[in-house]
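Below is one structure, written out as structure tokens; the observations come after it.
Read-outs: derived from the displayed coordinates by stated rules, not from any lab. This is a predicted model, so every value here is computed, not measured. No Cβ is skipped: glycine too gets one built from the backbone with ideal geometry, and neighbour counts run over all protein chains shown.
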Amino acid sequence: MSFVKIWVHLVFATKFREHLFSKEISHAIHEHIMSNCKKKEIFLQAINGSVEHVHCLISLGKDQSIAQVVQLIKGESSFWINQNHLLPNKFSWQDDYFAVSVSESHLENVVKYIKNQEEHHRIKPFSEEVEEFIAKYGFKLIKDE
């Protein structure tokens, strides 16, 4: 029997980071993602977000890659949002996403951070949060010219 525990903090946004989600729509999307993760055997520890993005704390299974899990979450939820006409126009997530490993010793802080998204974004916009993630984790942002 294999024992695997790889925690990943995943963040993805609406196409063009448009502010599309009301509290009710966000809640419905989060509930649906939680349900879909259970069906797809994706261990989702925490989920929350704001008007244009979603944070998830997941643990990868022994046969799962980040790319597979992201496709299962983003692709299926986008399809579901459109099938259920939650928004007036065709919906899609931005192609890009943020994924970083989380050590076991930092899980509690990451869960608190995810659960506190509404309060967090009253103070700091998502665009600023993205810039902080890029700086903190040493990512290089490559912009189309």
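Legend: ranking of residues 106, 30 from fewest to most surrounding C-beta atoms inside 10 Å; resulting order 106, 30. Taking the number of Cβ atoms within 10 Å of each Cβ as an exposure proxy, the fewest-first ranking of 32, 53 is 32, 53.
Taking 8 Å as the Cα distance limit and 6 or more residues as the minimum spacing, I'd like the relative contact order of the stretch 28-86 as a percentage. Once normalised by length, the contact order is 29 percent.
Among 122-129, 67-74, the peptide with the highest mean count of other Cβ atoms within 10 Å heads the list, and the full ranking is 67-74, 122-129. Pairs exceeding a 23 Å alpha-carbon distance, out of 23/136; 40/74; 5/38: 23/136. For the chain, the 222 nm mean residue ellipticity estimated from helices alone, with every DSSP H stretch of n ≥ 4 adding -39500 (n - 2.57) and the total spread over all residues, rounds to -11500 deg cm²/dmol. Residue order for 133, 21, 3, fewest other beta carbons within 10 angstrom first, comes to 3, 133, 21. Note: relative contact order over the stretch 6-137, using C-alpha pairs below 8 Å and six or more positions apart, is 36 percent. Under 17 Å of direct C-alpha separation, and excluding same-chain neighbours fewer than eight residues apart, residue 90 reaches these aspartates and glutamates: 18, 52, 76. Classification of the stretch 6-137 by its C-alpha gyration tensor yields an oblate form. The axis ratio a/c (a ≥ b ≥ c) is 1.5 or more, and b/c is at least a/b.
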